[in-house]
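Visitor: I am attaching a structure below and will ask some questions about it afterwards.
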Amino acid sequence: MKLYKTPKGNIIFTNKQAYNLPDTDWDALLKNGNLIEYLQHFIHDNNQSTLSEKELNTIALAPIKNQEVWAAGVTYYRSKTARMEESKVSGGSSFYDKVYEAERPELFFKSTPQRVCGPGENVRIRKDSRWSVPEPELTLVVSSTKKIIGYTAGNDMSARDIEGENPLYLPQAKSYTGSTALGPCIFITNEPLSLHTQISLSIFRKEKKAFEGHTTVAEIKRSFSELIEFLFSEMDFPKGCFLMTGTGIVPSDDFTLKVNDRIEISIEGIGTLINEVGI
Ligand code: DO4
Ligand code: MG
C-alpha cells in the first residue's frame with residue numbers, strides 16, 4: 001500500500017482505492033514498527049476517499065514531519081568511480097576506494113525536515129557550484145524500533161566540484177537549502193524489496209531529455225540492515241528517520257544541472273518524484 005501526506009490529510013492508497021486516515025499524526029505513523037498492521041484498521045468503506053492515484057501524486061507533500069534525513073554514500077560501484085574521478089586532482093580519490101571496501105559504510109547527515117522539498121517544489125544548485133547533479137536514491141523509512149516500514153524516492157542533490165575539491169567539504173556539497181527532495185509517497189510493506197526494483201533518472205532541459213539513466217537495487221553493495229545497524233548503533237531516532245541508500249546513477253563528467261531543468265526520479269512500486277531546479 002502507499003501512504004500519502006497531503007493538504008487534505010494523511011491518505012492510504014491500496015487496490016486502486018484511497019482511504020482517509022482521520023486524526024493521524026505523521027510522526028506517530030512513522031515511528032510505528034507495526035505500521036502496516038495499524039493502517040489496515042483504516043481500510044473500510046467509511047473512510048473511502050474519491051481521490052485517484054493521479055490526483056494524490058499532484059497534491060502530495062514531502063512525506064516527512066520531524067524525522068532527520070541521513071544518507072549512505074559510495075554504495076554502488078558507479079558512485080565509487082565517479083567520486084574517484086572528480087577528486088583525482090585534489091588527491092582525495094583513495095578515500096572512496098577505501099570506503100567502498102571498508103566494513104564501516106559512509107553515512108552522513110543530509111537534511112533537517114524543514115529543508116526537504118516535496119514533489120513539485122524547486123530543488124536548488126548552490127550559487128558557488130559550477131558542477132552539480134541530482135542523485136536518485138531509494139530511501140528507507142525506518143521506525144524508532146529500527147525496522148524498515150517503507151520506502152520512498154529521494155534526491156540527494158550534490159555539488160560535485162565542491163566535494164571533489166576536498167572530501168572535508170562534503171557537508172557543504174550535500175546540505176544546503178533545496179538540496180533534498182523526497183516523495184511522492186511511502187510504499188509501505190513488510191516484505192523485502194525485490195532486487196529487480198528499477199531506479200531511473202531523467203533530466204529534461206527545455207522539454208528535451210538531457211539525460212537518462214537506470215539502475216536496480218541489486219547493484220547496491222551493502223545490505224539495508226547493515227546500513228541501519230551502523231546508523232542506529234550510536235543514535236536513537238524517537239520519531240523514526242529516513243536513510244537514502246546512495247546513488248548508482250551519475251551522469252557523465254561533462255554534465256551539470258542548470259536552472260529550470262526538470263528532474264524525474266522513478267522507483268518501481270513508489271512512483272515518480274518530480275522537481276524543477278529553481279534559483
Ligand atoms: O562521498 C560522497 C557522497 C556519496 C553519495 O552521496 C552517494 O554515493 O550517493
Ligand atoms: Mg548520494
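Visitor: Considering only residues that are of a type in the set (S, T, N, Q) and surrounded by 24 or more Cβ atoms within 10 Å (Cβ to Cβ), look in region 144-157 and name the one that is nearest to I267 (Cα to Cα).
Guide: If we take residues in region 144-157 being of a type in the set (S, T, N, Q) and surrounded by 24 or more Cβ atoms within 10 Å (Cβ to Cβ), then T152 is nearest to I267 (Cα to Cα).
Visitor: What number of residues in region 132-156 are within 13 Å of ligand 1 (Cβ to nearest atom) and in contact with a Cys (Cβ under 9 Å, 6 or more places away or on another chain)?
Guide: Within region 132-156, residues that are within 13 Å of ligand 1 (Cβ to nearest atom) and in contact with a Cys (Cβ under 9 Å, 6 or more places away or on another chain) number 1.
Visitor: For region 171-184, state whether one or more residues are out of contact with any helix residue (DSSP H, G or I) (no Cβ under 8 Å at 6 or more places or on another chain), free of Cβ contacts under 8 Å to residues at least 24 places away in the same chain, of a type outside the set (A, V, I, L, M) and surrounded by fewer than 18 Cβ atoms within 10 Å (Cβ to Cβ).
Guide: Taking every residue of region 171-184 in turn, none turns out to be out of contact with any helix residue (DSSP H, G or I) (no Cβ under 8 Å at 6 or more places or on another chain), free of Cβ contacts under 8 Å to residues at least 24 places away in the same chain, of a type outside the set (A, V, I, L, M) and surrounded by fewer than 18 Cβ atoms within 10 Å (Cβ to Cβ).
Visitor: Cβ-Cβ below 9 Å, separation at least six or inter-chain, first residue in region 235-246 and within 11 Å of ligand 2 (Cβ to nearest atom), second assigned to a loop (DSSP other than H, G, I, E, B) and aliphatic (A, V, I, L, M): which pairs?
Guide: T245/I220; G246/V74; G246/I220
Visitor: Might you let me know whether region 190-206 holds any residue that is out of contact with any Pro (no Cβ under 6 Å at 6 or more places or on another chain), within 16 Å of ligand 1 (Cβ to nearest atom), more than 14 Å from S132 (Cβ to Cβ) and open to solvent by 10 Å² or more (accessible area, probe 1.4 Å)?
Guide: Yes: one or more hits.
Visitor: Of all residues in region 11-26, which are open to solvent by 10 Å² or more (accessible area, probe 1.4 Å) and either charged (D, E, K, R) or touching a residue at least 12 places away in the same chain (Cβ under 8 Å) (or both)?
Guide: Result: F13, T14, K16, Q17, Y19, N20, P22, D23, T24, D25.
Visitor: For a quick check of your reading: which helices (runs of 4 or more DSSP H) sit entirely within region 1-88 and have at least 3 residues that are within 30 Å of S233 (Cβ to Cβ)?
Guide: Result: 26-30, 35-40, 77-86.
Visitor: Could I ask something else about it? I'm trying to understand the selection: among the residues of region 221-252, which are farther than 20 Å from S194 by Cα and either in contact with an Asp or Glu (Cβ under 6 Å, 6 or more places away or on another chain) or assigned to a strand (DSSP E or B) (or both)?
Guide: Listed by number, the residues that qualify are K239, C241.
Visitor: Let me ask something else about it. Residue under question is I263, and the condition is that it be closer than 28 Å to I12 by Cβ and under 16 Å from the mean Cα position of the chain (by Cα); does it hold?
Guide: Judged against the criteria, I263 is a match.
Visitor: Taking the stated definitions as given, is S200 hydroxyl-bearing (S, T, Y) and more than 15 Å from ligand 2 (Cβ to nearest atom)?
Guide: yes
The values are calculated or read from the model by the stated rules, or taken from the named source; none is laboratory data. Keep in mind that what you see is a predicted model, and the values were worked out from it rather than measured. Cβ atoms come from the backbone with ideal geometry, glycine included; neighbour counts cover every protein chain shown. Just so you know, the surface numbers come from the protein's heavy atoms only, side chains and all, with ligands and any DNA or RNA stripped out. Shrake-Rupley method; radii C 1.70, N 1.55, O 1.52, S 1.80 Å.
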